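A quick write-up on the structure given underneath.
The values are calculated or read from the model by the stated rules, or taken from the named source; none is laboratory data. What you see is a predicted model, and the numbers here were worked out from it, not measured in a lab. Positions of Cβ are backbone-derived with ideal geometry, glycine not excepted, and every protein chain shown enters the neighbour counts. Only protein heavy atoms, including side chains, enter the accessible area calculation; ligands, DNA and RNA are left aside. Shrake-Rupley method; radii C 1.70, N 1.55, O 1.52, S 1.80 Å.
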Amino acid sequence: MASVRAAEVAELLWEIKRADKVGTYTRVARKAGFSPGVNGRTIQTVLKTVRRDWPHLQWWRVFPDDGLIEKDTEQSKLAEEAGFAFVASGDQIILDSFADHVFIWETAEEAEEAAAKASELEAADEEDDEDDDDQNQDVDDDEDE
């Protein structure tokens with residue numbers, strides 16, 4: 001039977017896959033409600049459980065926080081098959097433009113700020129539309145004279 005942590009991580013893997021992104025040990029673990037552990041050991045153990053219990057999930061989408069992984073591993077091969085490119089970094093490889101590929105979850109506060117900003121923009125657009133209608137009415141009135 002899978003652990004609660006593994007179930008949480010499995011849900012997050014679906015989100016990451018749908019966005020065609022990758023996650024980091026720390027971001028995924030914290031979003032799932034636990035610490036990644038020293039050198040990511042806790043999240044690695046959880047990912048092994050996910051891999052065992054849900055083999056169809058793309059466990060390989062979770063990378064160390066620095067993005068560095070060993071060359072020619074199952075993870076690197078699966079990521080390459082999915083279309084991710086890597087660049088050499090000493091004895092290891094890193095996902096090309098790693099930071100651009102990392103999935104970032106919004107905090108509740110960030111989501112509220114984004115919603116408020118969207119509402120403000122929508123209100124400003126409505127005011128602009130009303131101003132345009134007033135100007136069009138003025139032009140129609142001038143043409144009638």
Added length on full extension, which subtracts the Cα-Cα distance from 0.36 nm per residue, Ser89 to Ala116:
5.5 nm
If contacts are Cα pairs under 8 angstrom and at least 6 residues apart, what is the relative contact order of region 1-117 in percent?
26 percent
Å² of accessible area per residue within region 8-72, as computed with a 1.4 Å probe and no ligands counted
54 Å²
Calculated FRET value between Glu11 and Asp96, using beta carbons and R₀ = 25 Å, to 0.05
0.35
For a quick protection proxy, order the peptides 4-15, 62-73, 78-89 by their average other-Cβ count within 10 Å, most packed first.
4-15, 62-73, 78-89
For region 4-113, with all protein chains present and a 1.4 Å probe, just round the carbon and sulfur fraction of the accessible area to a whole percent.
46 percent
